[in-house]
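In what follows, a structure is listed as structure tokens, so that the remarks can point back to it.
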Amino acid sequence: MNLLGIFLTISVYFIFSRLYHIRKKFYLNPVMLSITSIIILLYTAGIEYEVYMESARILSFLLGPAVVSLAIPLYKKRDFVIDYSTQISSGVIFGGLIAILSAFFIAHLLGGSEDVLLSISPKSVTTPIAIGVSEQVGGIPALTAILVIITGIMGNSIGLAILNLFRVEDRVARGLAMGVTSHGLGTARMIQEDKLSGAVSGLGMALNGVLTSLLLYYLIKILMRL
């Protein structure tokens with residue numbers, strides 16, 4: 001069995017994780033640097049992406065259990081989350097809508113084509129949901145997947161720095177902001193920072209995925225008429 005993908009992915013991430021632990025600079029974010037480095041290594045060595053993915057299949061498989069495991073901190077903090085159910089619900093609705101509208105109108109102002117507008121709108125939800133919604137509204141799934149990954153990397157890299165810059169100290173608000181805007185990668189970063197914020201982030205990610213899948217098709221119809 002070819003273990004190239006597993007070895008390469010784990011080794012590169014381990015190296016950059018250690019580097020980030022030493023320096024703690026946002027531009028040394030291990031997720032961002034690992035993805036960039038692996039792309040460069042594959043291109044330089046002439047290794048096909050399909051070969052890499054086939055050899056790293058077990059890591060892709062483990063993404064499913066990893067996402068499900070996000071429910072563990074949520075369950076442990078369930079009483080606290082229930083107490084803040086109104087605030088969380090409001091945050092998901094407004095945050096989810098702002099994520100869609102800001103992406104759509106910024107892309108529109110910059111001269112984005114219709115395909116780009118349709119593809120960028122679901123960028124703040126997790127990849128499987130974003131791809132499905134993109135297909136539903138007539139976007140380009142491959143482009144949507146790239147935009148989702150970029151959004152997650154940015155949230156993972158600088159999300160906490162932005163929250164600190166604007167002095168957002170409430171743990172629920174911090175978690176909700178990361179989960180709604182930068183889905184799984186943002187949630188993974190938040191769990192490392194604070195268990196409660198991580199639990200709220202996971203819930204925000206899930207609820208925003210449901211909200212976007214239900215509303216985006218009809219919202220896009222309205223926006224495209226403006």
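Hey, could you check segment 40-89 for residues that are among the polar types (S, T, N, Q) and at pLDDT 85 or above and say which is surrounded by the most Cβ atoms within 10 Å (Cβ to Cβ)?
The first filter runs over segment 40-89 and keeps only residues among the polar types (S, T, N, Q), leaving 44, 55, 60, 69, 85-87, 89.
Checking the rest, the ones that are also at pLDDT 85 or above come to 44, 55, 85-87, 89.
Working: T44: 8, S55: 19, S85: 10, T86: 8, Q87: 14, S89: 12.
Per the criteria, the residue is S55.
Restricted to helices (runs of 4 or more DSSP H) entirely inside segment 30-100, those with at least 2 residues that are farther than 23 Å from S124 by Cα and not assigned by TED's automatic domain parsing to the domain that holds T127 are 30-45, 49-55, 57-68. The set of residues from segment 1-29 being in a loop (DSSP other than H, G, I, E, B) and under 17 Å from G152 (Cβ atoms) comprises just one member, N29.
State whether one or more residues within segment 172-182 are of a type in the set (S, T, N, Q) and free of Cβ contacts under 8 Å to residues at least 40 places away in the same chain. Even if it seems obvious, please write down each step before you answer.
Taking segment 172-182 as the starting set, the residues that turn out to be of a type in the set (S, T, N, Q) are 181-182.
Okay, now just the ones that are also free of Cβ contacts under 8 Å to residues at least 40 places away in the same chain, so none.
No, that holds for no residue.
The values are calculated or read from the model by the stated rules, or taken from the named source; none is laboratory data. Remember, it's a predicted structure, so these values are computed and weren't measured experimentally. Using ideal geometry, Cβ is built from the backbone for each residue, glycine included, and neighbour counts are taken over all protein chains shown.
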